[in-house]
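Here is the structure we will look at, set down as structure tokens.
Throughout, read-outs are computed from the coordinates displayed, never taken from laboratory work. Keep in mind that what you see is a predicted model, and the values were worked out from it rather than measured. Quick reminder, even Gly has a Cβ in these numbers, built from the backbone with ideal geometry, and neighbours come from all protein chains shown.
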Amino acid sequence: MSTSLFFAQLLNGFQLGVLLFLMSAGLTLVLGIMNCVNLTHGSLFMMGAYFAATVYGTTHSFALAALAAIAGTLLLGLVLERVVLARLYARDHLYQVLATFGLILFLNEVARIIWGQSPIFMNVPDALSGTIDLLGLPYPSYRFAIIAVGLCVGLALYVVIHRTRVGMLIRAGASDSAMVSALGVNIKLINALVFGVGAALAGLAGLMAGPILSVQPGMGDPILILTLVVLVTGGIGSIRGAFYGALIVGVVDTIGRAFLPTLLREVVDRSIAQAAGPAIASILIYLLMAVVLAIRPEGLFPVKHG
Amino acid sequence: MVATGFKAIAAAVVMGCLPLVAQAQAPLKIGFISTLSGQAGSLGQDIYDGFMLAIEQNGGKLGNVPVQVLKEDDQFKPDVGTQAAQKLIEKENVSIITGVAASNVMMAIYRPITEKQVFLIGSNGGPSPLAGAQCSPYLFIASWQVDGLAEVMGKYAVDKGYKKLVLIAPNYQAGKDAMSGFKRFYTGPVADELYTGLTQPDFSAEIAQIAAAKPDAVYAFFPGTLGVNFVRQYQQAGLLKTVPLLTSGVVYGTTLPALKETALGVIGGQFWAPDTNNPVSLQFVDAFEKKYNRIPSNFAAQGYDSALLLDSAIGKVKGNVADKPAFMAALKQGSAKSVRGTLKFNNNHVPINDWYVFEVARDAKGRVSLKTIGTPLKNHQDAYHTQCTMS
Amino acid sequence: MADRRVTLRQGVAAAILVGLGLVPVIAWATGQAFYVTLVSRMMIFALAAVALNLILGYGSLVSLGHALYIGVGAYAVGICSYYGITNGFVHLAVALGAGLVIAVLTGLVCLRASGVGFIMITLAFAQMFYFLAISLKQYGGDDGYAVPARSAFGALNLADNTVLYYVILAVLALVLLLFHRLVHARFGMVLRGCKSNERRMRALGFPTLTYKLIAYVVSALVCVLAGVLLANLTRFVAPSYMQWTVSGDILLMVVLGGVGTLMGPVAGAVVWLSLEELLTSFDLGLPWGIDEFVRNHWLAVLGLFVVVVTLALKQGLYGVLVERDEARR
């Protein structure tokens, strides 16, 4: 196993983690602050990808595509919040799960009505279509762009949440929303803001994933599951938890897939390794989550109260 | 003359509502079960579109008998598929069921259908047990046996003289079957065999391994969405220019619009391609493009071929499909009209035909399509037909 | 229970059970045998939903992994049949035994978490077994395995669809009766006590974890039964039986019908699967191709229906009736 390959795989894991972070950041706030399980987050990701692919297909401008994805999902998120989710904040998690599950079915089908069943095309912008030489291995520059965007977003969120007044209110809302509301803060507005930003981040993730993944109805569902795994592993309600959770899940998943079958081959018979290696690799993140939950039910980086 | 013609058409149209009008002219009911919703839905839709095109060209008839097609969505779930089959047989009394895009649904429904002595015309890849020991006189695979996809690429790799290959497929039965099918013909050294998750969206880890292994070529089996993701990421990693990509189930009519020029140069293999040169195929591609405004996929061709097979067999028994031995014999004779030239069945009711290799390239109109570059397997018989006890 | 008059809720509950009992008779009289298998499948999912409701409705444990146990039951039948064992009692013993071991082990881990953590950890276990089933090559892997014949229970001929129908109905009725007794006994009281305030129950000296674990295992075992019946009905087992969407569907049926009510999950399952059947063969003769549109995009209609029901009916379809009764009392 060469060092450059290991390094490239680490980078791959990092990049998947960053993409997952974009998804988890919004969801963790919605869950933490509004205590609302929002399964439509995956659908917003899908819509972001569709908006981006459509605009990119007609204008060939990645900037316009980005604008469409972010603004489009922001708007869609606000509408969903107003029409459906805001009515469910006071109710049990179960009904939020039920209603948002219904919305997933609905939005997937809407995508199918508008864009058809088959996947649609979106390419990497020309400036990022090349590869960068990484100690002898070619590495796509677009993946570096994903990492850069994710880190910038992470940094921006950190600054907003820890250094501004809005951020303070959001943090306060996460630990005790009733108290914040009693102090005269317009919690409704904060909710809408957080939900909108979360939706826009999902849209951004969709935009970045558009050229890598096939843009088609239902593309958000597997990502949604991964995002939930990240949240539960990292701890719900904190950006920090989402960030580290996403990186851990991304790296464990990638490294597991890359090296576990080879490692097993050293220990056991080749045919057994070939059968068991990929099987274990594909459940590795679930195993990780189960272990984390069994040891620390609150996740690795829970919100600190009080 | 005009009056009787009109009566026949009217009967075909209103028969569903008024079963008492004229029993003799009741349209022949054909059940169509396929995956029409969800992620795998585009395959089922393509098969359906191809099937209906043939019926439309025949003026609503197959074998000179008016037909009524009853469509059922199996949602990619075997239990929903069995339920749909039961509904078609017990409620609608169909004697022919066709379609079936998903192999898990196929495995679930073939027994309940064939046990009731209803004819099942599979329009998509036939799973190996059904071509071998579990073959049935009531089951006809009007498309191909799944392994052919991999075998033709294995033969192609041998013909090209590749010496060192990396094989990659999802970690499930079809993926493993593809690997063994490939190695049935390619017996050279394999640098690595990689298995990926079945719902895995990102292949960066595997692609990095391929880049590090520096093989002569890569063989990949990735059906549907997985293939789109894999080809894009392979191309973005710059490997498509240096390491040829041989594929099964990756590039075809429904994935090419999502891949476009990123897939240029990818090699694939099938029993048919849009440029397959015979009168039936050329006419089919033309009519399909006119009607649906897209290049037909091989799935659409399979649907069309299933209809042509039924057209020929129903015609031979003059519409009397209730005479099961006669209809069975008629189906077994295949069809003189087929997108592959002629459709000829092996003892296990799987076609014997040529397999082509094609490259993703621009067609005469500048669209990204498939260009046939060779025929590695001629009159190919699947590997399982000897296990089938039918003669 | 001073009021002896039959309420609307009791009327509906009785109507559902009597209706289920009459289905084969009506189907036979009208020559539509297909409805027997359609309703059989509804009752199997109703059974699974009733099972989930035990921990969801009375213990507030939201499991998104109950399809795992359907899979365990189905695969027990499949794997036994693969090795030529056709005896139904052996199938049942293997299924329940395997279910018991898996439920106790995973239950001990899962019950450490709560809330969203519990949802996710149950999902995680179900996913692990789903991927395990896909890698079971000799039992068909992803494509699944066609069971040659239904389980043999001596004189009871399950090969007859009507017999199988009444067996499923009997199992469903027995489970309903058992759960009715269970939730009104001390066990149910403790379970509901845990739901409203677990710390207090612990302070009162109840071993709450044991109670919750027992509820979880009983619920899992009933799902295993549903799996055994599903494998018999379809004569097929496949990993897709334990896909997470199946767990989601069961959860939906419970909530749609009414959480924490006895008949709610049954109503939810019947309504959900009937809607699926109605919408996929939608044909009301509406103009402008609406029929065709609904048939093609029925999932959108179903999704909207779920959203509207959630927003409009706070307690689910059947739960509303329960609420009405309680308001009157």
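Side notes on the structure shown:
- Total formal charge among the other residues, if their Cβ is under 12 angstrom from that of B:Ser37, Lys/Arg +1 and Asp/Glu -1: -1
- Residue exposure sequence - C:Tyr35, C:Tyr130, C:Tyr75, A:Tyr158 - by fewest surrounding Cβ within 10 Å: A:Tyr158, C:Tyr35, C:Tyr130, C:Tyr75
- Counts of other chain beta carbons within 10 angstrom of each beta carbon in peptide A:33-39 average 1.
- Simple Cβ-charge dipole of the protein assembly as shown, Lys/Arg +1 and Asp/Glu -1, about Cα centre, in debye nearest 20: 1520
- Shielding of C:276-283 by partner chains, average beta-carbon count, 10 Å: 3
- For the peptides A:81-94, C:264-277, the ranking by mean Cβ contacts within 10 Å, running from highest to lowest, is C:264-277, A:81-94.
- Inter-label distance, C:Leu204 to A:Leu75: 5.5 nm, where each label sits 7 Å from its Cα along the C-beta direction.
- Listed by chain and number, the aspartates and glutamates placed with their C-alpha closer than 20 angstrom to that of A:Lys188 are A:Glu81, A:Asp92, A:Asp176; residues fewer than eight positions away on the same chain are left out.
- Annotation: the antiparallel percentage among DSSP beta bridges lying fully within chain B is about 35.
- The helix-based estimate of mean residue ellipticity at 222 nm for chain A, built from -39,500 (n - 2.57) per DSSP H run of four or more residues and divided by its residue count, is -26000 deg cm²/dmol to the nearest 500.
- Helix axis angle, A:41-59 relative to chain A longest principal axis, alpha carbon, degrees: 80
- Counting only other chain Cβ atoms within 10 Å of each residue's Cβ, the peptide B:106-113 averages 4.
- Evaluated with a Cβ-only charge set (Lys, Arg +1; Asp, Glu -1), region B:45-113 carries a dipole of roughly 200 debye about its Cα centre, given to the nearest 20.
- Shape class for chain C, computed from the alpha carbon gyration tensor (a ≥ b ≥ c): rounded, with a/c under 1.5.
- Global form of region A:1-146, assessed from the alpha-carbon gyration tensor, a/c cut-off 1.5: oblate
- Exceedance of the 29 Å cut-off in Cα-Cα distance is limited, within the set B:Lys155/B:Lys214; B:Lys77/C:Lys137; B:Lys214/B:Lys365, to B:Lys214/B:Lys365.
- Relative contact order (%) - criterion: Cα under 8 Å, at least six apart; region: chain A: 35
- Within the protein assembly as shown, percent of DSSP bridges classed antiparallel, to nearest 5: 40
- Surrounding net charge for B:Lys337, when Lys and Arg each add one and Asp and Glu each subtract one, Cβ distance under 14 Å: +1
- A simple count of charges around B:Asn379, restricted to other residues whose Cβ falls under 9 Å of its Cβ and scoring Lys, Arg +1 and Asp, Glu -1, yields +1.
- Among C:297-304, B:140-147, B:251-258, sorting by the average number of other beta carbon atoms lying within 10 angstrom of each residue, highest first, gives B:140-147, B:251-258, C:297-304.
- Dividing the mean sequence gap of close Cα pairs (under 8 Å, 6+ apart) by how many residues chain C holds gives a relative contact order of 30 percent.
- Calculated FRET efficiency for the pair B:Asn93/B:Tyr292, C-beta based, R₀ 51 Å, to 0.05: 0.95
- From most to least packed by mean Cβ count within 10 Å, the peptides C:107-116, B:116-125 give B:116-125, C:107-116.
- Going from the fewest other Cβ atoms within 10 Å to the most, the residues B:Met390, B:Met328 appear in the order B:Met390, B:Met328.
- Between C:Thr7 and C:Val25, the contour length at 0.36 nm per residue exceeds the Cα-Cα span by 3.7 nm.
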